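For reference, the structure discussed in these notes is given below.
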Amino acid sequence: MNLVENIREQLKTVYDPELNINVVDLGLIYDIAVSDEGDVNITMTLTTPGCPLHSSIERGVRYSLEGLEGIRNVDVQLVWEPAWTPDRMTPEGKKLLHG
């Protein structure tokens, strides 16, 4: 498994507290970029711009990657374009949402 795949798997431990679905299956992670030096840039969004838990989720993303082998720094960029829609969810996320 390469580092980006490891990061994606690790991010599955970070949950949106309102929906109780992880940020990967929710489709909130737009991009994972890793430099040769181990600097990670996560581009992500939230389900709504006014999400009151945005700092908690962002901290969870950073915390989940701390100490992962091969990572030096983690930068999280929160974006609102393109806007999140349920279409971005993985099939697993859609199953979890619809029970």
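Read-outs throughout are calculated quantities, based only on the coordinates presented, and are distinct from any laboratory measurement. Bear in mind the structure is a predicted one, so any value in this text is a computation, not a measurement. As a convention, Cβ positions derive from the backbone with ideal geometry for all residues, glycine included, and neighbour counts pool all protein chains shown.
For the chain, give the magnitude of the charge dipole about the Cα centre (Cβ charges: +1 Lys/Arg, -1 Asp/Glu; no others), in debye to the nearest 20.
340 debye
Please go through the chain and write out the GluC sites (Glu not before Pro) that DSSP classes as loop and that have at most 10 other C-beta atoms within 10 Å.
Here the GluC sites (Glu not before Pro) that fit, given the DSSP loop and packing criteria, are Glu37, Glu66, Glu69.
Could you tell me which residue out of His98, Leu46, Leu78 lies farthest along the dipole of the chain toward its positive end? Charges go on the beta carbon: Lys and Arg +1, Asp and Glu -1, centred on the Cα centre.
The residue sitting most towards the positive pole is His98.
Note down the nm distance, to one decimal, between modelled labels 7 Å out along Cα→Cβ at Trp80 and at Asn41.
2.2 nm
Hey, fewest Cβ within 10 Å first, where do His54, His98 land in order?
By the 10 Å Cβ count, ascending: His98, His54.
Could you grab the relative contact order for the chain? Cα pairs under 8 Å, six or more apart, rounded to a whole percent.
Relative contact order of the chain: 34 percent.
Taking K and R as +1 and D and E as -1, what net charge do the other residues with C-beta under 14 Å from the C-beta of Val79 add up to?
Neighbour charge sum, excluding Val79 itself: -3.
What do you get for trypsin sites (Lys or Arg not before Pro) in the chain restricted to DSSP loop and a cutoff of at most 10 other Cβ within 10 Å of the site's Cβ?
When the trypsin sites (Lys or Arg not before Pro) of the chain are filtered for loop state and at most 10 Cβ neighbours within 10 Å, Arg72 remain.
Could you give the angle, 0 to 90 degrees to the nearest 10, between helix 54-65's Cα long axis and the longest principal axis of the Cα atoms of the chain?
The two axes meet at around 40 degrees.
Please compute the alpha carbon radius of gyration of the chain, then divide it by the globular-protein estimate 2.2 N^0.38 Å. Two decimals is fine.
1.03
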